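Laboratory data are not the source of any read-out in this text; all were calculated from the coordinates shown. Keep in mind that this is a model prediction, so the values were computed, not measured. Neighbour counts run over all protein chains shown; Cβ positions are idealised from the backbone, glycine included.
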Amino acid sequence: MKLDAVFADLVYDELSFWSSRFGAMIFDNLELRRGVRGLDVACGAGFPLFELAFVHGPSSHFTGLDLWREALNRARRKIEVYGLANVDLVEADASSMPFANESFDLITSNLGINNFDDPSAVIAECHRVARPGARIVVTTNLTGHMAEFYQLFRETAPQLTAAINAQEAHRGARAGVQQLLERNGFEIARVVEDEFFLRFADGTAMFQHHLVQFFLYGWRSVTDDSAIYAALEETLNAARPLEMRVPMLYAEAVRV
Ligand SMILES: C[S@@+](CC[C@H](N)C(=O)[O-])C[C@H]1O[C@@H](n2cnc3c(N)ncnc32)[C@H](O)[C@@H]1O
């Protein structure tokens, strides 16, 4: 690996501090085996794809799949800089993957299932391309995500309670994730729950955070009214401490 290229291109950005908390559950819990044919579904710009490829080493091969072309272009450049010979990238929709039946021994998806339009179609595809006995690992945030924030949102705009509740509820619960895997032909092997807290000095800092700017896309489906967000920012500025719980799930299952 050429360090000047690493720093010139800032190739370390495949993972955010957000993604890394969920990805750590994979590297803390997954049994590492030799000679694995792996698939990372929704690999984005390369996390946890590259880390999986590095920790498994040259006896294994990993494919990263995503439909986000710019992220894959960035990931391609990182493969060159890292000099990774055991990774390839595929641009495709995870609900219709260009792989033969029974191709993979390990399928991972870090923060994928919350983002798929049709999670069941994706997990059914994972079953089709998994070899019998293959492992699948998914991580996700759960219902309860930032509950403290949603409560203050409701208190600020009680007239929007129904829409806020719907936005809050769109994340899955542990039972739902397990059923998603079981319904599609996987047997649950291991489930781990953990949590962390998003903490901010105040609401202004929170709203300017790049992660929260991303969350705002979802919140705007509740309302686009800037006056409500200004009032919410004031409410958050008065909240002490400003801490929001994020429940996390690691679910590992085996293809029956
Ligand atoms: C929250 S990001 C997670 C990216 C990465 N795994 C990480 O841990 O940072 C969700 C990813 O899902 C991808 N995605 C959403 N729907 C998809 C689909 N149907 N097929 C493939 N990728 C999809 C997005 O392009 C995005 O890269």
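The table below gives the values:
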{"item": "Qualifying residue in the stretch 70-80 (condition: more than 12 Å from the chain's Cα centre (by Cα), of a type in the set (V, I, T), in a helix (DSSP H, G or I) and surrounded by fewer than 18 Cβ atoms within 10 Å (Cβ to Cβ))", "result": "no"}
{"item": "Options V81, V41: the member that is more than 19 Å from V138 (Cβ to Cβ) and either near the ligand (Cβ under 9 Å from one of its atoms) or touching a helix residue (DSSP H, G or I) at 6+ places or on another chain (Cβ under 6 Å) (or both)", "result": "V81"}
{"item": "Qualifying residue in the stretch 122-130 (condition: of a type outside the set (D, E), near the ligand (Cβ under 8 Å from one of its atoms) and farther than 16 Å from V192 by Cα)", "result": "yes"}
{"item": "Subset of the stretch 48-65 (residues that are surrounded by 24 or more Cβ atoms within 10 Å (Cβ to Cβ) and not in a strand (DSSP E or B))", "result": "P48, L49, L52, A53"}
{"item": "Residue check, E168 in contact with a helix residue (DSSP H, G or I) (Cβ under 9 Å, 6 or more places away or on another chain), part of a helix (DSSP H, G or I), acidic (D, E) and crowded, with 19+ Cβ neighbours inside 10 Å", "result": "yes"}
{"item": "Test: A94 is part of a helix (DSSP H, G or I), within 9 Å of the ligand (Cβ to nearest atom) and over 19 Å from V192 (Cβ atoms)", "result": "no"}
{"item": "Residue list for the stretch 171-194, restricted to those being surrounded by 14 or more Cβ atoms within 10 Å (Cβ to Cβ), part of a strand (DSSP E or B) and of a type outside the set (A, V, I, L, M, F, W, C)", "result": "R190, D194"}
